[in-house]
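Right, one structure below, let's go through it.
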Amino acid sequence: MKVLVASRGPTLATIITSAGHDVVEARPGDARGWVKDGGSPAADVALIDLPDIALATAVVEHLRRSDTSTPIVVVEHDAPEWVVTDLDVSAALTPPLSRSSVLAALSAAVAPPEPIPSLEKATSTDTASRSAAEQGVEVAQRHVDALLANLHELLGLDEVGQVVSEQAAEAIGADAVALLVPDERVWRVSGGVGVRPLEARIVIEPDHWLVAQMLKHLRGAVIDRSDVARSRLVHAPLASRQHLVIVTHQRLEVILIAGRAAGEFTSTDLTTLGSLLAEAEPALNDALALRTLARRLARYQDYA
């Protein structure tokens, strides 16, 4: 399946590519070019993730004029002006996104699900004779089989954290990046760039300033060598870097810290990292869920 992805960042394209699909990736500037000059890449389905409702509407209308048969899926954003019912699309996705929800929406748009069987067929003697528990076990086993068949496509938390950290370092020119993710009641480093081995083992408690203030009340901060907030970063990864920028994602409860030796960070860097975390939400959400599943399945291991 060939998917046209119009988005601010690479996360959605990465998710779709990891599922074995071909991706034609475009940024908001490319999308504006389609509307202005006409023409757009051919694809089996289009995924539009543009926060600007005016641009999203113009792109949808342009795609509809170009090819009325191409299914279009849009990501709905949390803003009063966003009214998906006004857009001629096949489906809408509402954040928080996950890898499964994105791929399922695209598959459904290309090949709509078969009609629900009639009540008479659904209540056949064989189905009715089995208890709900037996049916539940059967469904769970099918999921286990599907999971085993697709393990090579799943990305662990360290892998996703590493990709996010590398993207962050490149986006703002940071020397070092650490991504802190929740683990029960503490926060640990998951992936990083330029993180020392000792820093990688740091555990952040709930009463640390990064969690109690930054994560719970603030969205981000730019810290230079003289900033009074620096004293609050004791025992945090990258605390020794001369210049720091910190961004939090409250829904996922993750904290992204970037540092460099020379050159102060700016509010633009803060915004860039905030957008990157928002784009990475589906992949991080899936990786966190996969970690939870792996831990809960630990009791089924056979220690011979």
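Couple of notes before you dig in:
- Check on Ser231, under 18 Å from Leu284 (Cβ atoms), polar (S, T, N, Q) and not in a loop (DSSP other than H, G, I, E, B): no
- In segment 106-126, the residues that are at pLDDT below 75, among the aliphatic types (A, V, I, L, M) and part of a helix (DSSP H, G or I): Leu119, Ala122
- Selection of first residues in segment 245-273 that are of a type in the set (Phe, Trp, Tyr) and of second residues that are in a loop (DSSP other than H, G, I, E, B) and crowded, with 24+ Cβ neighbours inside 10 Å, restricted to Cβ pairs under 9 Å at least 6 apart or on distinct chains, gives the following pairs, ordered by first then second residue: Phe265/Ala174.
- Residues that are small (Gly, Ala, Ser), crowded, with 17+ Cβ neighbours inside 10 Å and not in a helix (DSSP H, G or I) within segment 169-220 comprise Ala174, Ala176, Ala178, Ser190, Gly191, Gly192, Gly194, Gly220, listed in sequence order.
- Selection status of Thr266, buried (at least 18 other Cβ atoms within 10 Å of the Cβ), in the same structural domain as Ala176 (by TED's automatic domain parsing) and of a type in the set (Ser, Thr, Tyr): no
- Filter pass, Val234 being modelled with pLDDT under 90 and within 21 Å of Gly194 (Cβ to Cβ): yes
- Among (1) within 24 Å of the chain's Cα centre (by Cα); (2) closer than 16 Å to Val181 by Cα - the single one Trp209 does not satisfy: (1)
- Flag for Leu284 being under 30 Å from Ser100 (Cα atoms) and out of contact with any Asp or Glu (no Cβ under 6 Å at 6 or more places or on another chain): yes
- Here Ala42 fulfils each of the conditions (1) in contact (Cβ under 8 Å) with a residue 40 or more places away in the chain; (2) under 22 Å from the mean Cα position of the chain (by Cα) apart from (2).
One line per residue, one yes/no per condition, for (1) more than 20 Å from Ala283 (Cα to Cα); (2) modelled with pLDDT of 75 or more; (3) surrounded by 15 or more Cβ atoms within 10 Å (Cβ to Cβ):
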{"position": "Ala91", "(1), (2), (3)": "yes, yes, yes"}
{"position": "Thr94", "(1), (2), (3)": "no, yes, no"}
{"position": "Arg99", "(1), (2), (3)": "no, yes, yes"}
{"position": "Ala104", "(1), (2), (3)": "no, yes, no"}
{"position": "Ala128", "(1), (2), (3)": "yes, no, no"}
{"position": "Glu134", "(1), (2), (3)": "yes, no, no"}
{"position": "Val137", "(1), (2), (3)": "yes, no, no"}
{"position": "Arg142", "(1), (2), (3)": "yes, yes, no"}
{"position": "Leu151", "(1), (2), (3)": "no, no, no"}
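- Residue within segment 272-289 that is surrounded by fewer than 18 Cβ atoms within 10 Å (Cβ to Cβ) and more than 15 Å from the chain's Cα centre (by Cα) present: no
The values are calculated or read from the model by the stated rules, or taken from the named source; none is laboratory data. The structure displayed is predicted, hence computed values, not measured ones. Cβ sites come from the backbone with ideal geometry, for glycine too, and all protein chains shown count toward neighbours.
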